[in-house]
Structure formats: structure tokens, C-alpha cells
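Here is the structure we will look at, set down as C-alpha cells.
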Amino acid sequence: MSNIIGIGAAPRRKEDFRFLTGNGNYVADVKLPHMTFGVFVRSPHAHAAIKSIGKAAALELPGVQAVLTGDDVAADGLGSLPCGWGITNAEGVPMKEPPFPMLAQGKVRFVGDMVAFVVADTLAQARFAAEQLAVDYEVLPAVVGVLEAVRPGAPQLFDDVPNNLCCDWELGDKAAVAVAFRKAAHVAKLSLVNNRLIGNPMEPRAAIADYNKGTQHYTLYSTSQFPHVVRFLMANLVLKIPEQKMRVVAPDVGGGFGVKQFHYGEEAVITWAAGKVRKPIKWVADRAEGFLSDRHGRDHVTEAELALDENGKFLAMKVMTLANMGGYLSTFGPNIPTNLYAPLLGGVYTTPAIYCNVKVVFTNTVPVDAYRGAGRPEATFVVERLVDVAAAEMGIDRVEIRRRNMIRKESYPYQTPVLLEYDSGDPMGCLDNGLVAADVAGFGARKAASERDGKFRGLGYSTYVEACGLAPSRFAGRLGARGGLYESATVRVHPSGQVTVLIGTHNHGQGHETTFAQIVSEKLGVAFENVDIVFGDTDKVQFGMGTYGSRSLVVGGAALSKASDKVVVKGKKIAAHLLEAGEHDIQFEAGVFSVAGTDRSKSFAEIAGAAYVPHNYPLEILEPGLEEQAYYDPVNFTYPNGCHIAEVEIDPETGIVTLERYTAVDDVGTVINPMIVEGQLHGGIVQGVGQALYESAVYDEVSGQLLSGSFMDYTMPRADHLPQMTVKTHSTLCTHTPMGVKGCGEMGTIGSPAAVINAVVDALSHLGVHHVDMPASPNRIWHIIQNAALPRAAE
Amino acid sequence: MTSFDYHRPDSVPAAVALLGGAAESKLVAGGMTLLPTIKQRLATPAALVDLATIPKLAGIALDGAVMTIGAMTRHVDVAESELVHGKIPALAVLAAGIGDPAVRNRGTIGGSVANADPSADYPAAVLGLGATIVTDRREIAADAFFTGLFETALEPNEMIVALRFPVPEAAGYAKFKSPASRYATVGVCVAKVAGKVRVAVTGAGPCVFRVGEMETALAQAFEPAAVASIKIAAAGLNSDIHADAEYRAHLVTVMAKKAVVAATQAS
């Protein structure tokens, strides 16, 4: 068949026509008859007791349909917003899991915590009524930082969570690490902060809920990365609606980055409210609301140590981290700084012993959860910074110390001391290619040129690994996951031979409609343009866990691959009948079923036609129709890895850090669409550069107000901050995924912060600087340079 | 947004009369500050008086050694004006660096000056060049105009109709942009006008201000080295999550040097 566009091709993205011509269908575009509008009343205080809420005046206002508060939630017996992961301490004691009511009950715990929901006929009426709502607060002292939150005497968020400590979690062999540290020739130490980030997808969160009185069906349109999980959690655990009466639709979604991967209280409140007012309700967050309510990311304070022998071989690593959870446990909150963090501390190195302790802490801030990379960028930052500190202290070249400790290609599969077994990789190959691609040989000349201009120039490496393709359900279950992490796909072949795929992942900008169509085009020989991908509707798609953790291709694509294989198996049976041959003599290639060694053949479309018009068909042994479904649960994580090299120039007069060059050589396994992989890398790298140089969510330490609550103060990376990047692949195939893919959605964000900061520190190393916290803002860099220039009194 | 009355007067007296008519009435020039403020419900004016339809409020004209820029002249028009490029290139550079293209296509010089945002660019040029603010009723010297944080000498219901800039012998503007907002963390305008040197700083303090010590030094030698060692005190300067007062004080010196370089290169 013509126009097969398969694996390895780079067609333009199918979905871009509708996005670029303004024909996308986002939640805010959905309009339902008699639609009303909802506004959330949010706490202006970081920590306060709610003394009373006076609804009466607001209810009297024109157009107001409902005013709902935490008391109404309690009166209806609704559930708490569930946490999808339970972690335990070393003795097996479960984490403290205080309730997370969808509207605050008794107390508010962060600025932006939801206090009430106001529904009115127009948005203006709803806003006005929300402003008139009389909420009487008794303001309490607040705590926003993890170090302060665990100190004696700190404000306590929950009566039954002493010291705000959710869980004192650990991983690794503490005793073996202690032994190794005792015999170390050198111990490198580093204190660091991993700065809090806000994802800021281009499309703000939004939801529309509708209730059908006749069938008692609820429909929720939501900007979600995983509509089936929202249905599962919300229907069963929060609202207690029969699951078959709940439909969740996530149509086109304008970016997620993890921010839209949680079950939010807004979704539950609006669905519940729609049942009460018996009219559709629409809510669209404005940008300020997003800053105050989208789940934040990162926010760690860490002390890390690396023990080395006299040759610079890593003997052991010890990492102590305080991780901020914010005011409540979000859907995956406690999993991120524990299970997605500590197991990555092995990096691409042979470190034989690792111990990690993570204190998971509540504070009066927005709940913290997964943001692109989720735990793995934090781990990579610790490891790759620590390696550089060790190299500097021991006088070993930074590339050389990495080489001495890297896992050799032939050593895979490689079991780390922290749970993971890497299936494949060639970190040395990525490093070697990276050195060439980044023209490291020419760095000296570039540095000299910078010095002639009075500038400092630095080079930074990050040779990293991530665990992606979330996740093997059995393994995740042992780590506390309360759900499965498989994926499903249905390949529906129409009588014409054209194909609709129903898949449980979600496309919110990554190009899945293109990538998945290429897989089907390759597997079934169907023209690329004759494959459509359907996702994001629980009434259409069988089931699915959605999109996060670089899983859509790795897990969803594997399900799609398996379902496509099943179509071919059935197609061969039909072809054998039609061609009067044995099933085992039927070959299938490029969309044609043929009898081996003959010129007898049937096209894929002819087989599909026969399946739906079964006049000449083996009905005794085969059902009509051609539609196959597969669920795929991975046997392991995938381990994309690579070498990122950043080169920066610093103007000592202003402290401005300019990213001059950026090179990435990554092992992503099989590449389905190289253009999309490159785009994912670009976007991921930019978000990592954003963390390293620009972004920071800052709270006022006393009032708990978010100081970086708009784009006027939260610095997003922009095009003019960035150089032209060099992005290449150096792939080994994943040994356990059907197509050898490893995933690429998060790797840019995981590898890049350490590369950039290592470059910044390198540029300042002549001043005796050994670490720079993120973001490396001009103000911070200027002060570091000033302090370094001061004569030291004691010396 | 709450509801409000909306007026489109056809003359300056009509606009001023409308302002006086209702309490909490606001003039709208480009609306680049006012409209976001209203959308966030931080301002709820009873009436808006839109100046867009008043003839002759926009435009750039040269009369001898004086350049008059109408209050409703957009930043993009100043940035692209051949007249401005020819006579006061620093002003064109300044206008080209305000906000982003959307802001420059709507925002106006009169609106910016009347708003007197401590981080806005134009106040540095108005004060640095010693411009005159022409209102519906009088002329105000720049030195008497900016009185504090978002505070000016404008009386209630007084309206700026034009800015009158002397054509300088040399002028330069250098700005350290906030990486987030692209407002001036520190912006310095240095000008030599009728033999006198003026140095005005925006962004660093609660209100645009002059640096006399730099002016004296530059009057003796109009070169970057003249200001390189002049440090201003951090006390009283702005401090926020992007730049503390000490850093801002340092940036004043750095930007002053760059402004002198720009001034000497441009002239």
C-alpha cells in the first residue's frame, strides 16, 4: 500500500494542522446549553482557621445558583482527595496521610487553598458573588521552608502530624555505606537546594461538568493528562458515583508537564456541584490562579557525600534530603522525592553502596508533586554536582573521573545497589560522542577569547540516567503504588482497511498522533494518513493510565504494537482461508498477505473487507470483524541516558550567565520519529535550563505569600535566552520493550540542570567557588563573585 | 471586570471634563497597565475615558532644537521614527526596549509618564534629557514632575498632552532588564544638553532620580571612566527577589558606564 510512513521517518505532525489553524478543541472551547460559571474562593492566608463563612449575602445576589463550602462537602459524606502512593519508614510504619478535603474544612493550609465554590449564570456574577462571600479567618503562624518546618516549635499544619513530618523514608544499605566511608581516601561533601518550580503549561487548567438527570450520568471535561485515573479516583473514592455513570473527557490539552497529572479538587467540586445545580458549570483558571493552585515541583534541601578511594573510584554515597510536600499530599506527592529519587542516585556509575534518607515534610505552600522529570532531575543534580566537587577536590579531570566510574557497555544488564537493574546503555559512548559534538577540544580557545573580553567561560558535563516508562505494576506495587501502571490500546480496523486507534495515553502536545500512526503504518502497512488516534475520553477508550513519566511510547506504544501484532495474526487466518493455504504459509509484509513462494496475495484492505462482509470466511473457527486490544505492563523501567554538555559565559560586572552552547547526546533506544525526539529534547532541555538559570517559586517566609506569583516575577526561559542546541542520539536498544524504545519526554529536563550549573561553577572555579545554587541569577552570581573577591580574614 | 461607563471624547477639554464628572474616572491611553489592573480587579473605575479618538494627540514633530512627542504616541512609533533616530537616538533605543512587541504596539509615552512606574523606562529619558511635560493647563519641568512611587505633580483630572524634549548634544540609555518582566531593574539615561550633563536612574529606587556626583564627573570628562568608580549608596534603593539594593546600587554604575558608551557612540 502506498504512503507507508513507518518507524524512523520524520513526517510533519498530523495534529499540528488543527493546532496551528486555531481548530483545536480545548476545554475552554466547549460550550454546553444553559452553561453556568463557577469561581473558586481561595484562601488569602497561608495558614488560618476558618471561623465562619457567611453565605447568605452571596446567595441573594443576581444569578447565583450555589455557594458550596467544606461544610457542604462534609454533610454529603464525600471522600478526601486520595493519594495514589503510600510510603513507609524503615520500620514499615506508613506515612502520615491527613485528609485533603476538596474544599477546606476548619483550616486553610496554603495561599490558594480552596474555601468555597460559587456558581452563577454568568462569570461576572460568579466573580462578584465570590468577592462578597464573608469568610472570617483567624490567621495562624505559617511555615514555608522544610528546614524551618521540622524545627521544634514550628507551626504545626496538622494536629496528628508531629513536627510536620509526613514520613522519614530511607533506601539503601546504611551499614555498608558507613564502612565504605571509614576506609575512603577522600570524602566530597555538598549542601544544595533544589529550587521549587511552577510548570506553567500554556493552557491553564479548566473543567466543565454536566449532569444528566435522566440517566444520572455525569460528564467532566478536564485538562487532564489521565482521564481514566481521574474517573477511577473521583468516582470511587471522592464522590462515590457509580463508575459507569461517570465520563471524563480530556480533549486537546495545551501542555501538561505533570501539572495536569493529578486528581485536583476543582474536578471533584465542579462535578459534585453540577449534580446539585442540574446545569453544566464551567471553570477556567486564570494565570494567577494557576500559580497559586497548580501543583509545584522540586523543592529539596540536601546534604550529600561521596566517598572515594585514592584513585577517584566511588566507594559509597550518602544523601540526606528534606523534601517539601506543601500543605497536603497530592496524587503522587510522596512518591516523587522517594521512589523516583533515591533509586536514581546510582547514576551511570558503579558506586557499590548508596544510602538515602528523605524526610518528607508538610509546609504552608502549594502541594508539591511531579513536574517533568519528577525526582530524577533532583537525583541527577545531586550525583552530577557531587562528582564535579569530588573531581575538583581530588585534582582529577571531570571527564576522567566519570570514565573511571562509568558502567561499561558490556556490563549491562547492571544491578545497582538501589533497586534498579539497568537493561542496556553505553554511557561511555554517549560521552565520547558528546565530547566531539560539543567541540570540547576547542573550549580552551573559546575561553581565552572570553577572557580577552573580561568574561569568565565554563564547561559543564552531566552524564546521567533516568528510569522511565512508568512503570512495572508489580514493582511499583511493592514500592507503595495504589494502582496499576500498564497501558492499553485497541486497533480498530474499519471495513475499508483504514484504522482508528483507541489508546489510554494522552496527547497534550508531544506528537502522539503522529508517532502512534507511524507505528501502525509500519506494523500494518496502512497509509499514514489512514490512521487516526483517539484518546482522552473514558466513554471511547477502554482504559488507560494516561501520560507521564516518559511512558506514552514505552508503555502505550508497546500496547499498540502488541494489538497491531494481534491484528496481523487474525489477518493471516483470514488470508489463509481466502488464499486456500495453510496459516503458517502466509507472509505479511508492507500491507500485503501472500502465500510464501507464490504470487497469490490479498491486500490488508481486502482482508479487512472480508472480516466485515464474511460471505467467504471461516466462521466456524473465527469471529467476524477486525479489532484487537492489548494491555501491556512493562517488566522493567527503561533507562534512557546520555551526556549533556553546557558551555556558559559569565559577565562578572553584571553577573549575567549566558548559555553559549548546549550539546546533548542521548540514548533513547529506538527512534520512531527523529524530529519529534529532537523537539522533545529541545523542550526538556529548555525547562532544565529554566530551573538552572531563571525559574524559582519564592514564598515570603513570614506571611507565606507567593512572591513569584505571576510572569512579572517568575522568570520563564525564553527563546532569546538560548543558543542553537546540538541534539544527537547514540542509542542502544531497550531489551524488554517490544520495539526497543526507551522514551524521551523527560530526559532533557533531567540531564540539563546539572550540566548548566557545572558549567557555571567551572567558570567561577578560579575564584574558589565550589557550588552555586539554582537559579544562577545575575544577582546571585554577582554576590558570589563579590564575596569570592573579598580577602579572607582568617588567612 | 466589573461594569463601567466608557467615553470616547473628541477633544482634550471634553476628556478633562469627563474626568471631572465622575468619581473614580480614569483616562485610558494604551491601557497597558490600567487594563490588567482592572482585569485583576485591583482597580474598579466607574468610568473610562478613552483618548484614542482625540485628534492630534499622537505624533512627533521637530521645531528647531525641541522635539515634541504627543502623549498618545505609541512606543513603536518612537522606536521607528526617523526623526527620533536622527535627533535623539537614545530615545528610540529606549522605546524599542520597552516590554514586548504587543506592549510597544499599544503603550504610549503619555501613559507611561503619567503612571510613573518606578521600573518604567520613559521616566529616565524624561528626567535625563530634562524634558517638559505639557498638560492641558500648564507646562511642568521634569525635575518637578516625578514626586514618588507612582506619584507625579499632576493634579487630579490633569492630563498630559505632550512631551517636549530638548535635542541633546549627546544621550545614551542603558538598561538592565528584569529577566522576568523586562522592566528596568536599573535603567540609566545620560545626556549632555546645552552644555550640561544630566544622569537619571530608573528602576533602582522608588522613583526616578538624578545622580549629581556622576553629572559633575561627566561634565569634566564625558567618558565611561568618569563614572566607573562612582558608587551610589544602597540605602533606600529597591530590593526584591530578583535584585537586592546592593546589587542595584552596583548596576547603577555599570549601566551609567554603558549609557555613556552609548551616548558617545551615537553622537
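Listed values, structure above:
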quantity	calculated
Rounded to the nearest 20 debye, dipole of the protein assembly as shown from Cβ charges on Lys, Arg, Asp, Glu	260
Anchor A:Lys602: lysines whose Cα lies under 25 Å away (excluding residues fewer than 8 positions away in-chain)	A:Lys523, A:Lys562, A:Lys566, A:Lys570, A:Lys572, A:Lys573
P(r), alpha carbons of region A:590-667 - 5 Å bins starting at zero, rounded %	3, 10, 9, 10, 9, 6, 6, 7, 7, 7, 6, 6, 5, 4, 3, 2, 0
Debye intensity ratio I(q)/I(0), log10, the protein assembly as shown, q values 0.04 Å⁻¹ (C-alpha model)	-0.24
Descending semi-axes in whole angstrom, ellipsoid equivalent of region A:79-193, from the Cα gyration tensor	43, 17, 15
Farthest toward positive dipole pole in the protein assembly as shown [+1 Lys/Arg, -1 Asp/Glu at C-beta], among A:Ala134, A:Leu329, A:Leu622	A:Ala134
Region A:1-109: relative contact order in percent, alpha carbon pairs under 8 Å with at least 6 residues between	30
Distance in nm between pseudo-label sites at A:Phe711 and A:Ala49 (7 Å out along the Cβ direction from Cα)	4.2
Only Lys, Arg (+1) and Asp, Glu (-1) charged, at Cβ; region B:60-166 dipole about Cα centre in debye	140
Stokes-Einstein D for region A:1-46, Kirkwood Rh over Cα pairs, 25 °C, 0.890 mPa s (µm²/s)	156
Lysines with Cα under 22 Å of A:Lys183, excluding same-chain neighbours fewer than 8 positions away	A:Lys174, A:Lys313, A:Lys318
Amide proton proximity set for B:Gly107, modelled H, under 5 Å, gap of 5+	B:His75
A:Leu553, B:Leu62, A:Leu68 arranged by Cβ crowding within 10 Å, fewest neighbours leading	B:Leu62, A:Leu68, A:Leu553
Residue list for region A:11-25, given a label point 7 angstrom along the Cα-to-Cβ vector of B:Asn105 and an amide N cut-off under 18 Å	A:21-22
Footprinting exposure proxy for B:His7, A:His263 (fewest neighbouring C-beta atoms within 10 Å first)	B:His7, A:His263
Magnitude of the charge dipole, chain B, Cβ model with Lys/Arg +1 and Asp/Glu -1, debye to 20	380
Relative contact order of chain A, pairs being alpha-carbon contacts under 8 Å that are 6 or more residues apart, as %	16
Proportion of all alpha-carbon pairs of region B:170-266 beyond 20 Å (%)	29
Where trypsin sites (Lys or Arg not before Pro) fall in DSSP loop in region A:31-109, at most 13 other Cβ within 10 Å	A:Lys31
Estimated distance in nm for a label pair at B:Glu151 and B:Asp63, the labels positioned 7 Å out from Cα along Cα-to-Cβ	3.3
Relative contact order (%) - region A:195-294, alpha-carbon pairs under 8 angstrom, separation at least six	41
Selected from A:Tyr694, A:Pro640, A:Val360, residue furthest toward positive end of dipole (the protein assembly as shown; charges at beta carbon)	A:Tyr694
Signed unit charges on C-beta, dipole axis of chain A, positive-most listed residue A:Leu459, A:Pro343, A:Met95	A:Met95
Value in Å of the Kirkwood radius, where region B:203-246 supplies the Cα pairs that are averaged	11.8
Region B:7-90: GluC sites (Glu not before Pro) in DSSP coil with no more than 14 other Cβ atoms inside 10 Å	B:Glu24
Reciprocal mean inverse distance between Cα atoms of region A:486-533 - Kirkwood radius, Å	10.9
Ranked list, fewest to most other Cβ atoms within 10 Å of each Cβ, for A:Asp76, A:Asp294	A:Asp76, A:Asp294
Under 15 Å, Cβ to Cβ, from B:Gln40 - net charge with Lys/Arg +1 and Asp/Glu -1	+2
Under 30 Å from the Cα of B:Lys177 - lysines, other chains or at least 8 residues apart	A:Lys447, A:Lys455, B:Lys26, B:Lys39, B:Lys87, B:Lys192, B:Lys196, B:Lys231, B:Lys257, B:Lys258
Candidates per trypsin sites (Lys or Arg not before Pro) in region A:204-303, loop by DSSP, up to 16 other Cβ within 10 Å	A:Lys213, A:Lys240, A:Arg278
Summed residue charge, Cβ within 10 Å of A:Ser330's Cβ, Lys/Arg positive, Asp/Glu negative	0
Cα-based radius of gyration of region B:1-150 once divided by 2.2 N^0.38 Å, which approximates compact folds	1.04
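Computed from the coordinates by the stated procedures, all read-outs in this text should not be read as laboratory data. Small disclaimer: the values here were computed from a predicted structure and weren't measured. Glycine also receives a Cβ, built like all others from the backbone with ideal geometry; neighbour counts cover every protein chain displayed.
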